[in-house]
Structures are given as structure tokens and as C-alpha cells.
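Shown next, in C-alpha cells, is the structure this report addresses.
The values are calculated or read from the model by the stated rules, or taken from the named source; none is laboratory data. All values reported here derive from a predicted model rather than from experimental measurement. Here Cβ is always computed from backbone atoms with ideal geometry, including for glycine, and neighbour counts include all displayed protein chains.
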Amino acid sequence: MSPTHAQSPIPNPQSPVIGVFGSGQLGRMLALAAHPLGIRVHTFSPERDTPTGQVAAREICAAYDDRDAVRAFVRGVDAVTFEFENVPAHVAEIAAEEGKPVRPGGHVLHVAQNRLREKGFFADTGLPVTPFAPVHSLADLEKGLSAIGAPAVLKTAAFGYDGKGQVKIDDPSQAEDAWLEMNSQPAILEAFVPFEREVSVVAARGIDGGFAAFPLVENRHANHILDVTLAPAQVSPEVAAEAEQLTRRLMEALDVVGVLCVEFFLLPEVRLLSKVELLNPEGRLLINEIAPRPHNSGHWTIEGAVTSQFEQQARAVCGLPLGSAAQIRPAVMVNLLGDLWTQGQPNWEALLAYPTAKLHLYGKSAARPGRKMGHVTVTATTIDEALEIALAARKSLVGQ
């Protein structure tokens, strides 16, 4: 699909239907946010009784490779979007053939689905990025380590998330073992950057080029999975402005229509390593990766912003004006992983005894360690207060 097609109006602007490929919690929260606007959501995925399907106007269960089912689904909606980025490319192609706007477009998915294409796009666009090298063999890996140095991180080029599909290399002698862990899959070698913390921006871009960015947030991880998001990030106004400017440049270069998250590494204010000094001599941020959809680090916007990331997605996909992305109050979001269910059903009554704790459960049928089952958001007068309440509320789920 060509980028300009994304600017076409939807066929049914009065009572639009968004077709979502994928059916997890992001689609669920999109459907809930779209409903007050009179926008219906249909979902397509290989599963039944899904988080999205439980609240969508229609749930279609079929394989993504079932082209006839994909085509029939697309014909019943007015615009198409994605709940996750690793949907087969032909899905976007079929939607474009049927004359339905695809937002973000297939060209955006093509870049985001592969770390080599993604990093190459950042570099070609002149955006600050960690040094990297493509790896298709052990010889490539050894060559990359010679150029980049160690420590470094070897990642699968595709289908990696929440820390999966990657291994840290502290010494070039570990190259062979690291390559074996990749199972001969195409990979990317990235320099290991001693960053201060991870921060991210979620932003929306409309069909008219309108741009609205939520404040920069700080993300804290546990076992490579997002654990806590603090909004806004406690950084200087210069860093926040740099993040927004880089996000806007990236979205304009990709011609994104929809919502996108950009994850950054925040470099130390005092840089002791010449290698780090050269990565972004004019600022403190390096782009790590993007997600062309709403993001876990933007869930706080449901309670903490004038317009949530999910309402922004609905507006952008339907070609409607964007809402304000201004923050109402400081907010903290904590994830609820399946680990909380190991001793049985969590104590929801104890959590809800915290009057400012807002609970979101995703309707997933089975709790597994590391699986995102829900989240809690707390807003308060300060970040410290919100963080204290959010952590205490989550801890109350499993008692003492």
C-alpha cells in the first residue's frame, strides 16, 4: 500500500467500523475507547473468546493465512488497523486491494517487523541509534564484534519481544555459543549502551499530518518485561523536547497515520566513554525500537490524560481530528503478570480498597508466569505519591 492511501477518507464516516487484526488487550482497550464515539470494532484472529472479542461488536476466528476469510472480514469494515505488528504482509495488501484505509500502512509494518529494517531506517533517516551490524552467520557475528566491540547484544531480527530472542555477549569468545542460541535465524548485533534509563513517547498522527504526543515517560523493567511506568519521566525539559521532536521526525518520515510508541535509551548526563559520546553528540537520547500501535507504556493515559492512547488510535484510524494529549495529573502504571495467580485468585477486594487504584483486567483465560493479565493505574499530586500507592495496591493482591 502506498503511504498516500492512508490519507483517503473512510467510506462510512457517520458510523464507522474499525477492523482490528489481532485480539489481545490492546484491541480490547481500543474497542472500549471507541464505543463512546459511536465507533464499532470488529476483530480477526485465530482464537475465540479473546480479550478483544469479549467487548468487540464482532469476533471472527480464522487463520491469518486464510485469504478468503481475511478478504470477507475486510469487506465488512471501513478501516483496518493492527493489534500487533507481526501480522502477515498479505493482510494489509488485501485491505488495500479492497480500497480500505490501512492505518498504519503496510509499509510501516514492514519496517517494524524486522529489527534490521528498523535500525536501517533509523540510520538512513539520520536518527540517533546504537551501532549495529547484520548477522546471518557466525562469520558475520565475529566481524560485527570486531567492528562494534564487546559488550554487545545479539537479537533475532524478527519476532522478539519482552527480552525474548536476545543474548548479551560480554567477550568475543562467546560468539559461537551466542550464534547457536539464535538457531541460525537472521539476527542483529547491537552495541551495548550503558544508558541511564529507558524512556518512551507514545504519539498519534492524523490523516492531515496533525501530531499529538503524550509526555515522555520512564519505564522500569523486571526480567525484561515492563513492570512500572512513571508519567511524566523526571527529566529536564530539554530531554522531553528532544524526545518529542525525534518522535515527530520519525512518524513523518514513515508517514504514520495512527498511534506509535518510540522507546529510547537515555544516555548519562556525564559521559565517560568516548564510544557513547559519539552516538548522539547533540542530545541524550538513542532510539531503541518502535511499536506502530498503542503500547504498554501508554496505558496510564486512560486515567491520566485528556485523551487516551486508545481513543487517539480510534480517531486517527477513522480520519477524525486528534484529541488533546495533555496530561491531567502525575500517573503511575504497574503491570499485573500471571505470577500473581500462583497462589490462587488475587485478592481484588484488597486492591480495590485503595480508592485511587484503577484496575484493568484483560479477560485472558489462563494466567501464566510472565503473561500480562492486567494493569493498575494510580494518579496523584506527585509521582512519588502515585508510585507508593500503586506498588502497595499491587502488593496487597497476594497478602503479606
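Looking only at region 197-207, decide whether some residue is without any contact (Cβ under 8 Å) to a residue 60 or more places away in the chain, under 28 Å from Asp227 (Cα atoms) and of a type in the set (Ser, Thr, Tyr).
Checking region 197-207: not a single residue is without any contact (Cβ under 8 Å) to a residue 60 or more places away in the chain, under 28 Å from Asp227 (Cα atoms) and of a type in the set (Ser, Thr, Tyr).
When Leu116, Leu145, Leu127, Leu109 are screened for being under 30 Å from Glu198 (Cα atoms) and more than 23 Å from the chain's Cα centre (by Cα), only Leu145 passes. Here the condition is being among the acidic types (Asp, Glu) and under 22 Å from the mean Cα position of the chain (by Cα); of Glu83, Glu93, Glu97, Glu59, it holds for Glu83 alone.
A Cβ distance below 6 Å, combined with a sequence gap of six or more or placement on separate chains, defines the contacts here; from region 39-55, residues that are free of Cβ contacts under 8 Å to residues at least 24 places away in the same chain reach residues that are surrounded by fewer than 18 Cβ atoms within 10 Å (Cβ to Cβ) in the pairs Pro46/Ala63; Arg48/Cys61.
For region 103-140, residues that are in contact with a strand residue (DSSP E or B) (Cβ under 6 Å, 6 or more places away or on another chain) and aromatic (Phe, Trp, Tyr) total 2.
Quick test for you: out of Glu303, Glu263, pick the one residue that is modelled with pLDDT of 95 or more, within 16 Å of the chain's Cα centre (by Cα) and not assigned by TED's automatic domain parsing to the domain that holds Val80. Don't jump to the end; show me each part of the working.
Details: Glu303 fails: within 16 Å of the chain's Cα centre (by Cα).
Result of the check over Glu303, Glu263: Glu263.
Taken over region 187-227, the criterion of being surrounded by fewer than 19 Cβ atoms within 10 Å (Cβ to Cβ), in a strand (DSSP E or B) and of a type outside the set (D, E, K, R) is satisfied by Phe211, His221, Ala222, Ile225.
The set of residues in region 249-271 that are in contact (Cβ under 8 Å) with a residue 60 or more places away in the chain and of a type outside the set (A, V, I, L, M, F, W, C) comprises Arg249, Asp255, Gly258, Glu263, Pro268, Glu269.
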